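Below: one structure, written as structure tokens.
The values are calculated or read from the model by the stated rules, or taken from the named source; none is laboratory data. Please read all numbers here as calculations on a predicted model, not as lab measurements. Methodologically, a virtual Cβ is constructed for each residue, glycine included, from the backbone with ideal geometry; neighbour enumeration extends over all protein chains shown. Keep in mind that these areas ignore ligands, DNA and RNA; they rest on the heavy atoms of the full protein, side chains included. Shrake-Rupley method; radii C 1.70, N 1.55, O 1.52, S 1.80 Å.
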Amino acid sequence: MGVNMAKLGSEKRPLVLRVQDPGRGREVSERCEEIGARYIVGIEPDRPEDISDLERFLGAPAVRRPQPKIGRNDPCPCGSGKKYKKCCLASDRENALDERGMNQPEYAPAAERISLVPPCDEDMDRYSNRVVDLIHKGDLDAAEKACEKLEEKCPDSIDCPDRRAMLCEARGELQQAISYNERCLEIIAAAPKGSYETAFIYEEAIVRLRSALAAKSNNSGNDV
């Protein structure tokens with residue numbers, strides 16, 4: 001006697017989907033809600049999108065959103081707060097080589113064999129990542145000093161308002177955090193086209209912070 005497999009998209013056999021960022025996760029989740037399918041969405045920035053279960057459920061290929069190109073100096077989309085080149089760049093490149101069957105030394109391009117991460121401004125990266133590490137540890141006073149050091153060494157870097165935004169949010173200073181994220185968008189807008197491809201990170205942060213600020217304001221009003 002054959003085994004009856006549960007229907008795809010049911011409670012016993014939900015759609016299992018993988019996307020690379022929260023915004024795409026919300027988009028896919030809303031589509032599943034629209035069609036009444038049970039689903040599980042995982043966010044894995046360092047792996048390619050897989051919505052094949054949704055495509056099978058619909059009976060036709062689902063619309064795939066082009067993934068934004070991430071610059072080496074942009075914030076890593078995994079949410080660590082570190083630069084892409086100091087976080088997931090190496091693993092993303094290795095995964096890309098795996099997919100092409102080229103992750104063996106004899107097949108890898110010469111540049112890939114020499115180094116997965118090209119030389120960079122290590123001093124700026126060190127100061128910038130130190131801010132992130134201190135915020136994660138909860139040492140906000142030390143993070144403040146690290147921000148000042150970063151601003152002293154690299155005053156024109158987008159990392160300065162980026163890290164200030166992180167620090168302000170950690171302190172609960174939401175309006176200031178919004179302002180610093182807006183400053184990041186101004187820097188991106190003024191830069192040559194193609195210099196940055198992650199404006200969406202700051203746009204989503206501003207939306208999230210404004211929502212949190214509104215909720216905080218409402219709660220304060222209810223306490224009066």
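Just a few scattered comments:
- For q = 0.15, 0.20, 0.30 Å⁻¹, Debye-computed log10 I/I(0) when each Cα of segment 136-190 counts as one equal scatterer: -0.40, -0.69, -1.19
- Subtracting the Cα-Cα distance of L213 and E148 from their residue separation scaled by 0.36 nm leaves 20.8 nm.
- Across K7/K82; K145/K193; K82/K216; K83/K193; K86/K216; K12/K86, pairs whose alpha-carbon gap is larger than 30 Å: K7/K82; K145/K193; K86/K216; K12/K86
- Filtered trypsin sites (Lys or Arg not before Pro), segment 169-202: DSSP coil and at most 11 other beta carbons within 10 Å: K193
- Listed residues I206, I35, I40 arranged by accessible area, highest first, probe 1.4 Å: I40, I35, I206
- Note on V16/E173: beta-carbon distance plugged into 1/(1 + (r/R0)^6) with R0 of 30 Å gives a FRET efficiency of 0.15.
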